[in-house]
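Notes for the one structure printed next.
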Amino acid sequence: MQELIAEIAHSTEAIALHAKRDNYRRAGVREYLVVCLAEQELRWFDFEKGRDLRPNRQGVWKSRVFPGLWIDGPALLARDASRLMEVVRQGIASRQHAAFVKRLAAARRKRSQKERPHDR
């Protein structure tokens, strides 16, 4: 299962927002982000919840699948790299991201313990 697919499309009329979106949903993709160049907008679909994600009042989009993955939509479209990085750093510094990293580390430890033979 894919967690997140992100792509750039010429416009919202592109196949990315129609057939591909439906195919990704059926394939079990959890989130799908499309940067639509012609309309200068982001579209972020949360297939688990069955709805579109929306940015907060500051225009920041926050992934549900990857806590701490924050993207400033207006900065992305304006190619404002310093603002993009500022928001990325804020997301990485969030409590949600720290908890997510902790869960990943625990899952990795558990998996590695299952894979190596126990000392006897």
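The values are calculated or read from the model by the stated rules, or taken from the named source; none is laboratory data. This one's a predicted model, so the numbers in the text were calculated from it and none came from an experiment. Positions of Cβ are generated from backbone atoms using ideal geometry, with glycine treated the same way; all protein chains shown enter the neighbour counts.
Points worth noting:
- Contact map, the stretch 88-114: first residue over 18 Å from R64 (Cα atoms), second residue modelled with pLDDT of 95 or more and part of a helix (DSSP H, G or I), Cβ cut-off under 9 Å, separation 6 or more or different chains; the map is empty.
- The lone exception for E3 - which of (1) surrounded by 18 or more Cβ atoms within 10 Å (Cβ to Cβ); (2) touching a residue at least 40 places away in the same chain (Cβ under 8 Å); (3) acidic (D, E) it fails: (1)
- Among the residues of the stretch 17-35, those identified as in a loop (DSSP other than H, G, I, E, B) and under 13 Å from L4 (Cβ atoms) are G28, V29, R30.
- Of the residues contained in the stretch 68-80, one or more are found to be modelled with pLDDT of 95 or more, in a helix (DSSP H, G or I), more than 29 Å from A19 (Cβ to Cβ) and not polar (S, T, N, Q).
Residue by residue, here is whether (1) assigned by TED's automatic domain parsing to the domain that holds S94; (2) in contact with a Ser or Thr (Cβ under 6 Å, 6 or more places away or on another chain); (3) closer than 21 Å to R95 by Cα holds:
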site	(1), (2), (3)
E3	no, no, yes
I8	no, no, no
T12	no, no, no
V29	no, no, no
L37	no, no, no
L42	no, no, no
E48	no, no, no
A75	yes, no, no
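- The lone criterion from (1) in contact with a His (Cβ under 8 Å, 6 or more places away or on another chain); (2) within 16 Å of I71 (Cβ to Cβ) left unmet by D52 is number (1).
- Test for G50: is it touching a residue at least 12 places away in the same chain (Cβ under 8 Å), among the small types (G, A, S) and within 27 Å of R25 (Cα to Cα): no
- Scan of the stretch 32-62 for residues that are of a type in the set (A, V, I, L, M) and crowded, with 16+ Cβ neighbours inside 10 Å, ordered by number: L33, V34, V35, L42, L53, V60
- When residues in the stretch 64-114 are screened for being closer than 21 Å to E48 by Cα and among the basic types (K, R), 2 of them pass.
- Looking only at residues of the stretch 73-108 that are surrounded by 10 or more Cβ atoms within 10 Å (Cβ to Cβ) and among the basic types (K, R), we find that the one that is farthest from N56 (Cα to Cα) is R108.
- Subset of the stretch 36-67 (residues that are farther than 24 Å from V101 by Cβ and either charged (D, E, K, R) or outside any loop (DSSP other than H, G, I, E, B) (or both)): C36, E39, E41, L42, R43, F45, R51, D52, R54, R57
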